[in-house]
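The values are calculated or read from the model by the stated rules, or taken from the named source; none is laboratory data. Everything quoted here is computed from the prediction, not taken from an experiment. Every residue, glycine as well, gets a Cβ built from its backbone with ideal geometry; the counts of neighbours run over all protein chains shown.
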Amino acid sequence: MLPYNPFNGHEHFDFTFSGAKPAALLVHGFPGTPAEMRPLAKALHERGWTVRGLLLPGFGSDLDTLPVRRAEDWTDALKNALLELRAQHDPVMVVGNSMGASLSLGVVEQIPIDGLVILSPFWRLSSAVWPLLPLIRRLIPSLKPFRWMKLNYQDSRVRGVLQKFFPKIDPDDPKDQQAMRQFRLPLGIFDEIRRAGATAYRAAARVGIPLLAIQGTCDPIARKKLTRLLLRQYAGPVNYAEVDGEHDLLDIVQPVWDRVRSLVLDFAVRLEQASVPYH
């Protein structure tokens with residue numbers, strides 16, 4: 001996939017911030033790592049919560065195995081981490097970001113907890129190609145997504161996307177630009193993400209715990225019309241907030257970060273104060 005692994009830094013590893021009895025499990029998105037969840041983890045930990053940032057199989061230092069990973073690998077890891085937290089903590093909350101939101105929604109149907117937060121919940125694309133991925137992955141096992149794109153490397157949005165895939169690459173360096181054009185991505189990964197999203201949509205109708213959903217109004221990836229469709233399926237009480245942001249709501253340099261942090265902390269406080277457990 002990549003000539004080197006850009007996600008080997010300590011910030012990308014699984015982490016635990018030990019605190020008091022309330023606990024939160026934080027689940028990153030694609031192609032992220034626990035690094036994207038650290039700002040929120042620190043905010044919850046300052047409130048006294050125990051926080052676990054989960055590294056999903058096939059990501060971070062395990063990136064070389066991503067092409068052979070299945071959605072079940074991700075959900076099994078999430079289940080195991082959640083069971084460990086639930087055995088020692090109360091209340092327990094899960095926070096899923098992007099693809100992590102879909103994975104979390106599918107798992108909490110099977111492991112009852114006290115509350116769920118989904119940020120920029122990605123569960124499908126509106127493209128007609130999306131349901132055809134099981135066929136496409138057999139016909140075209142992999143592709144080079146950046147090879148045919150005419151990228152404006154000075155565009156901040158383009159640089160943001162590239163930084164997500166290539167954290168240590170300099171977009172202004174011609175050699176690094178060539179490395180990006182050679183980047184090969186197995187299409188099977190997207191079919192596994194599709195499967196996780198389909199499971200999340202079905203599970204939503206059977207999950208009754210309190211839910212906080214935060215959606216960026218300008219999100220080009222997890223579009224608000226699809227988030228609203230998912231929430232109409234949800235069986236439990238929903239707290240829904242649309243905020244002035246795009247897909248990455250956890251970037252502390254963005255103006256939306258303070259609002260997102262406040263919403264999640266308020267939700268956590270309500271779970272702490274609840275007199276009757278939901279599970």
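Structure notes:
- Residue tally, condition closer than 25 Å to residue 187 by Cα and either outside any loop (DSSP other than H, G, I, E, B) or aromatic (Phe, Trp, Tyr) (or both), over the range 14-43: 5
- Residue 197 meets all of the listed conditions (1) at pLDDT 95 or above; (2) touching an Asp or Glu at 6+ places or on another chain (Cβ under 8 Å) but one, namely (2).
- Some residue of the range 99-111 being farther than 24 Å from residue 228 by Cβ and of a type in the set (D, E, K, R): no
- Among the residues making up the range 84-105, those that are over 13 Å from the mean Cα position of the chain (by Cα) and assigned to a helix (DSSP H, G or I) are 84, 85, 86, 87, 88.
- Only one entry of 33, 50, 16 meets the criterion of being touching a helix residue (DSSP H, G or I) at 6+ places or on another chain (Cβ under 6 Å) and polar (S, T, N, Q), and that entry is 33.
- With respect to being at pLDDT 90 or above and assigned to a helix (DSSP H, G or I), residue 133 falls outside the description.
- Pairs where the first residue, in the range 54-82, is touching a residue at least 40 places away in the same chain (Cβ under 8 Å) and closer than 17 Å to residue 95 by Cβ and the second is part of a helix (DSSP H, G or I) and of a type in the set (D, E, K, R), C-beta under 9 Å, 6+ apart: 55/62; 56/62; 56/73; 74/192
- Qualifying residue in the range 24-32 (condition: closer than 24 Å to residue 91 by Cα, over 14 Å from the mean Cα position of the chain (by Cα) and not polar (S, T, N, Q)): yes
- Among residues of the range 54-99, those that are touching a Pro at 6+ places or on another chain (Cβ under 9 Å) and of a type in the set (Gly, Ala, Ser), counted: 5
- Scanning the range 51-83 for residues that are under 17 Å from residue 96 (Cβ atoms), more than 13 Å from the chain's Cα centre (by Cα), in a helix (DSSP H, G or I) and not small (Gly, Ala, Ser) yields a total of 7.
- Residues within the range 230-246 that are over 17 Å from residue 98 (Cα atoms) and assigned to a helix (DSSP H, G or I), tallied: 2
- Among the conditions (1) in a loop (DSSP other than H, G, I, E, B); (2) more than 22 Å from residue 31 (Cα to Cα), the only one that residue 249 does not satisfy is (2).
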